[in-house]
Each structure stands twice: as C-alpha cells, then as structure tokens.
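The structure under discussion appears below in the form of structure tokens.
The values are calculated or read from the model by the stated rules, or taken from the named source; none is laboratory data. Everything numeric here is computed off the predicted structure, so don't read it as measured data. Every residue, glycine among them, receives a Cβ derived from its backbone with ideal geometry; neighbour counts consider all protein chains shown.
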Amino acid sequence: MLYPTITPTRNVIELSGIWNFKLDNGETDPVLSAQKKLTNSSPMAVPASYNDIGVVKEIKEHIGFVWYEKEIYVPNDLEKQRIVLRFGSATHLAKVYLNGALSIEHKGGFLPFELEVNNYIEDGKLRITIALDNTLDHSTLPVGIYEEEEYESLGKVVRNLPNFDFFNYAGLQRPIKLYTTPHQFIKDVTIVTDHDGDHGTVKYSVDTNPKEGLVRVTVIDEDGNKVAACEGANGEISISDVNLWEPLNAYLYTMKIELINENQLVDVYEESFGVRTIKVEGGQFFINHKPFYFKGFGKHEDSPIHGRGFSDAVNVMDFNLMKWMGANSFRTAHYPYSEELMRLADREGFVVIDETPAVGLHFNFHATGAIKKEDSTWERLQTFDHHRDVLEDMIARDKNHPCVVMWSVANEAATEENGAFEYFEPLVELTKGKDPQKRPVTIITYIGSSPEHDKIAELVDVLGLNRYYGWYEHGGELDVAKVKLKAELEAWQKRCPDKPIMMTEYGADTMAGFHEVAPVLFTEEYQNEYLRINHEIFDETDVFIGEHVWNFADFATSQNIRRVNGNKKGVFTRERKPKASAHMLRKRWMTIPDYGYKVIKDKITKG
Ligand code: BDP
C-alpha cells in the first residue's frame, strides 16, 4: 500500500485541524444523523485522541460511538483525477459517510484504509462524517471485555474493560488526507534487496491499474545521482559501490517509478528504500551479515494531551532521546505505529520490531495481577479472522521499510494453553508467505508460557520474552530474581538450542523523585538495581540477542488499583524527563556495539 506523497502527477491535501465532534448516546439512528449536518457539535482536534482533550469523564471514558465531521471544497482541478480519501487510522470501528451516504466501514484502529470519493462529491463539496466505535470485545484486537449490569437505583451500567495495560484511547488519531492519482496509476511496489561485498541488488515488482503501460524505474542516491535504471513491471537492479542501510547509520535510496502510456508520462511515484539483509541463524540475529544486538525499548504511542494522537514533535523528540541513550531499536508495542513514524525510523536507522494489535488474547490474568488457571482462551476468543486481516494489512503497509526487521504476531497471548499452536501456526505461515523480504517472526510471551508449558516456541524464529523477575515475581528480592531468570533462560536453551532469545520486556514501576539509600520498590534506585541484575544475567547468556526495557516513557492506562495514574515503568516520565535509569542505561548502551556484542565463537556463520 503506497503512502500518499506529492509527485509531478499526484497531489495531497491534509485534512488535519479542527473537526466537529459529538458523542453518540445511542438515541439517534446513525443513517439519519449522517444525512444532515451534525448539530450541537464541539470542536475536536484531528489527529488526536478525543479522551483527554475532551476533559470531562463523559468524553474521557465514553463507551460506544462518537461522531466526527468536516465539510470541504474539492478544488475543480482535482476532479479530473482519481480522488482518494485516506485515513491513517480510525480507532477502532469506523463507518464513513460521504455527503450522507455510507461509503466504507473499517474494523481495526491502527492501520490505514482509503476509498475513492469522486462519485460522492456534490457541487464541489464533500461532507465527511465518521461514526467511530471504541468498543472492544472478544472479536476485536486488542481484546476487551464488554459487560452490562442492571442496578435497581442506577439502571444499566456498561463496562468495557481493556484486557491489556494501556488506556483505550480512541478517535481520529492519525493524519487524514485527500490525495489524487491519475486514472491510470501506480498501485503498489514491492522491494527486496540483497548485497554481496559492495555490490547491491534490488528486486522490484510494480503493480499498476490497469495492468498496462510501460514501467520505468530509476534508482537515485542521497545526493540525487541516478545510480541505476530498468524497464518493466518486474526486474532486478544492480547497484555498484552500494551504501548499506545500517542501524543508526541509515542510507536511503529513492526508487522513482514512472508509468508511461503511448509515450506519455501518466504517473510518477517515489519510494525510498534501504539495501540491507536480515537473517536468523545459529542463535544470532544478523543484519547485513553481522550479528546485531538490540538495545532499546518497548514503546507506546502515548503523550500528554495528544493521548495516542500522532505528533511529529513527540516522535522526533523520542527518537532524539533514544539516540542520546545509545538505543538502536524499539518494538511497536502493542499495535502498528503511524506510517510517518515508520518513515522517520527508516531515515534515522532505528531497527523496528513491528507488532500487530493482538494483545489481551488470554483470560488467565486476574485484575489483581494473579495468574489464574485457565484453559479455554482459544475456545472463547473470536479474533482469528480479524487477526489474519490485520497481519495482511500490516505487511502490505510496512513490507518495504528497511527499519522493519521482524514481525511480532502477538503480545502475551495464552501461548501455554491448549489450542495456542493451532491458532498461531497458520498466522505465522501467513506472515512468512505474505512478506516478500521473509523477515523473521516472533510471538512475544509472558511468564506463564514457561519452557515447560509454552506451546509455540517451535513456530517462531526468535524467542521474545517479557519477564518481570524482581517486579511481579520476587519483587524486592533481586537475588532470587536473578536465580530464577537464569534458570529460565537455561531451560529455554535446552528446549530450543540455537534459537535466539531476546528480552522484549523487563521493567519496574518507578515514581520519578522517589529515593531511598537501600533500593526499595518504586524508587529510582530500585529501577537501577533491577535493570542491573537483569543485565548481569543477559551478559552471561550466549544466544541472547537483545534487551528492550519496558517502557521508554510512563504511559496512560485505565484506572485500576495496580496503577497510580498510569504505568510508571518508563525510563522517562510521560513528559520525557529522564529518571536515574536513563543515565545508567546510557552508560551501558554507549559501550555496547550494535554489532558483534555476542559473537558465539564456534558459530560464526555468514548470515
Ligand atoms: C506486560 C505487557 C505490557 C504491560 C507490562 C506491565 O506486555 O503491556 O504494560 O506487562 O505490566 O505484561 O507493565
């Protein structure tokens, strides 16, 4: 799926700004309400989550549909082309009405969707009305628990509990754009790169609509020089003296694609790409044939005021903070992040584990944090079809990004329960089948999915472990935590020799400004000690390929007794001020090289 950009044949109009907004309290018929302009609406910023900027509880904690609307003129000149309305995302279920007519429905809150709007324009105008539902249940990703309860004195009370640990922000949280293409247009491009010595190869495949005309492809370097060219919808291009895309040292080429019909240039699109390879072998993770070590974070798209709303300023600052720390990578926990952020990661050289919104696929945690004995998750969940669609859409969107080095199919599902293997096997196969670059695949597991009980380790290329020894297990007993962590890592090596292990989450809630001489839970000293003992064990483990601290910054969660106004495991506060651990981690990461930190001597192979 192509990201909309301005080219000599295409235009883009941003629809960000103030939209009309209104809660739907279920009294109106959606079809009728979309037929006329929204009345009694309030201003709402787009992109943004509506929850925090709505201020009052009724908006912040609203369950169900809300309405957004904007009426625009479509300049006459544009009407000669295909005009496409594109949502970077709409969270979670969207019904889009154009001049009152239902035109598209989309399920899933973290991936783009679009539709052609030419036929909906009336008198040069387009009234875009969106009904958005934030309800989560056993068929959505993420998974939520929907409950209704009658109280004599109160009437019906509706609850929609997130089955996961982040606030269920909703709204039009990413940019919305109107863009144009010619009627004969470039629909998609797929790029797969390889290199040997200083010789790079680029296999490409261009999809056009209709499938006719001549495709011309030119590769341009960062200085604007043409380095290679080719003709045809599919082909292979050689680049001599190739500049590789390297972690934190990204080099991006531009592939200029021209579609020519009867000697006329009809469409132009430019896709940037990096030349790099990925391979997992012998317990190591190779980027460009060298063993890579992941240093970084599980993140969230989360910031004050915006909620989960897209902000270039937040993204640039977060990347600068990560660079300052010596981090080279992050995971898009727990949903695909905005396309704009992924493009920034390409440019900055951050290595990304790209995760689906499949979180909360378990019924074995109790709200108190206790692990319940449960074995019916895979019978009760109805997420499979949607999970498959989301994986396909995520790969279609992100397949060309050099920053993406691994797909995460799910986070902390009930992977120790019967039925987990049967649920995940087709999804892992699908991921491998759909990804033209054949990147490694992981499914991130929680502590209940121990080496003794886990059912899916054999399906994945990398064991992604979220483990909290010293926090949820043996909190305050760091000596015991160390022993337990070591034992588990050894057990994994026995069960899956040669499979790389990565700590995809480890962390401790820490209140910025809480201090004690002795490390005590919630103090900055404890967070440091907790991280330090984890690192000691990581450094003793051969097949260990990286560490992602949970979390980059403190983030919002729903209200519950385990969270004091949000999750405080951040190395930065939610306002991006460093805790003591930021300085401690910086010292460590600045001395750990991106490559060759864990070279297993008898296993050096060419990745
Ligand atoms: C893990 C989850 C993550 C939570 C974290 C925590 O993957 O979403 O925020 O634990 O409890 O279980 O802090």
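Under 26 Å from the mean Cα position of the chain (by Cα) and assigned to a strand (DSSP E or B) - does that describe any residue in the range 518-535?
Checked the range 518-535: no residue is under 26 Å from the mean Cα position of the chain (by Cα) and assigned to a strand (DSSP E or B).
Does any residue in the range 286-308 that is within 16 Å of the ligand (Cβ to nearest atom) come within less than 6 Å, Cβ to Cβ, of a residue that is hydroxyl-bearing (Ser, Thr, Tyr) six or more places away or on a different chain, and which pairs are these?
Close Cβ pairs (under 6 Å, with a partner that is hydroxyl-bearing (Ser, Thr, Tyr)) amount to 296/329; 301/337; 308/49; 308/169.
Can you name every residue in the range 37-73 that is buried (at least 19 other Cβ atoms within 10 Å of the Cβ) and among the β-branched types (Val, Ile, Thr)?
Matches in the range 37-73: 46, 66.
Among (1) within 16 Å of the ligand (Cβ to nearest atom); (2) under 22 Å from residue 353 (Cβ atoms); (3) not aromatic (Phe, Trp, Tyr), where does residue 543 come up short?
Evaluating residue 543 over (1) within 16 Å of the ligand (Cβ to nearest atom); (2) under 22 Å from residue 353 (Cβ atoms); (3) not aromatic (Phe, Trp, Tyr) leaves (1) as the failure.
Per-residue answers, yes or no, for (1) touching a residue at least 40 places away in the same chain (Cβ under 8 Å); (2) not β-branched (Val, Ile, Thr):
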{"site": "156", "(1), (2)": "no, yes"}
{"site": "162", "(1), (2)": "yes, yes"}
{"site": "166", "(1), (2)": "yes, yes"}
{"site": "180", "(1), (2)": "yes, no"}
{"site": "185", "(1), (2)": "yes, yes"}
{"site": "195", "(1), (2)": "yes, yes"}
{"site": "211", "(1), (2)": "no, yes"}
{"site": "230", "(1), (2)": "no, yes"}
{"site": "237", "(1), (2)": "no, no"}
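Could you list all residues from the range 190-212 that are buried (at least 18 other Cβ atoms within 10 Å of the Cβ) and over 20 Å from residue 246 (Cα atoms)?
Scanning the range 190-212 gives 204, 206, 208.
Which of the following residues is more than 17 Å from the chain's Cα centre (by Cα) and without any contact (Cβ under 8 Å) to a residue 12 or more places away in the chain: 433, 419?
From the options 433, 419, the qualifying one is 433.
Restricting to the range 496-520, what's the tally of residues that are farther than 25 Å from residue 546 by Cβ and either small (Gly, Ala, Ser) or within 16 Å of the ligand (Cβ to nearest atom) (or both)?
Residues that pass the stated criteria total 4.
Which pairs have Cβ atoms under 9 Å, sit 6 or more apart or on different chains, and link a residue in the range 504-524 that is within 13 Å of residue 580 (Cα to Cα) and assigned by TED's automatic domain parsing to the domain that holds residue 472 to one that is of a type in the set (Phe, Trp, Tyr) and more than 16 Å from the ligand (Cβ to nearest atom)?
Taking only residues 6 or more apart or on different chains, the pairs are 522/514; 523/514; 524/514.
Mind checking whether some residue in the range 472-495 is outside the structural domain of residue 189 (by TED's automatic domain parsing), in contact with a Phe, Trp or Tyr (Cβ under 8 Å, 6 or more places away or on another chain), farther than 22 Å from residue 293 by Cα and within 16 Å of the ligand (Cβ to nearest atom)?
yes
Please go through (1) on the phi > 0 side of the Ramachandran plot; (2) among the small types (Gly, Ala, Ser); (3) in contact with a Lys or Arg (Cβ under 9 Å, 6 or more places away or on another chain) for residue 298 and return the number of the only condition it doesn't satisfy.
(1)
Please determine, by comparing only the residues of the range 402-420 that are of a type outside the set (D, E, K, R) and within 13 Å of the ligand (Cβ to nearest atom), which one is surrounded by the fewest Cβ atoms within 10 Å (Cβ to Cβ).
The residue in question is 408.
Checking the structure you have, find out if any residue of the range 52-61 is closer than 30 Å to residue 186 by Cβ and modelled with pLDDT of 95 or more.
For the range 52-61, residues closer than 30 Å to residue 186 by Cβ and modelled with pLDDT of 95 or more: absent.
Residues that are crowded, with 24+ Cβ neighbours inside 10 Å and within 16 Å of the ligand (Cβ to nearest atom): does the range 309-323 have at least one?
Checking the range 309-323: not a single residue is crowded, with 24+ Cβ neighbours inside 10 Å and within 16 Å of the ligand (Cβ to nearest atom).
Go over the candidates 159, 174 one by one and state the one that is under 30 Å from residue 129 (Cβ atoms), more than 25 Å from the chain's Cα centre (by Cα) and either at pLDDT 95 or above or not assigned by TED's automatic domain parsing to the domain that holds residue 82 (or both).
Going through 159, 174 in turn, just one is under 30 Å from residue 129 (Cβ atoms), more than 25 Å from the chain's Cα centre (by Cα) and either at pLDDT 95 or above or not assigned by TED's automatic domain parsing to the domain that holds residue 82 (or both): 159.
Taking the range 337-364, which residues are under 15 Å from the mean Cα position of the chain (by Cα), assigned to a loop (DSSP other than H, G, I, E, B) and surrounded by 24 or more Cβ atoms within 10 Å (Cβ to Cβ)?
Scanning the range 337-364 gives 337, 338, 356, 357, 358.
Looking at the range 440-458, is at least one residue out of contact with any strand residue (DSSP E or B) (no Cβ under 6 Å at 6 or more places or on another chain), within 29 Å of residue 255 (Cβ to Cβ) and away from the ligand (no atom under 16 Å from the Cβ)?
no
Starting from the range 349-362, take each residue that is within 12 Å of the ligand (Cβ to nearest atom) and list its partners that are modelled with pLDDT of 95 or more and charged (D, E, K, R), counting only C-beta distances under 7 angstrom and pairs at least six apart or across chains.
Correct list of pairs: 355/331; 359/412; 362/412.
Only one residue in 14, 79, 58, 71 is under 27 Å from the mean Cα position of the chain (by Cα) and of a type outside the set (A, V, I, L, M, F, W, C), so which one is that?
On the way: 79 fails: under 27 Å from the mean Cα position of the chain (by Cα); 58 fails: under 27 Å from the mean Cα position of the chain (by Cα); 71 fails: under 27 Å from the mean Cα position of the chain (by Cα).
On inspection, the qualifying residue turns out to be 14.
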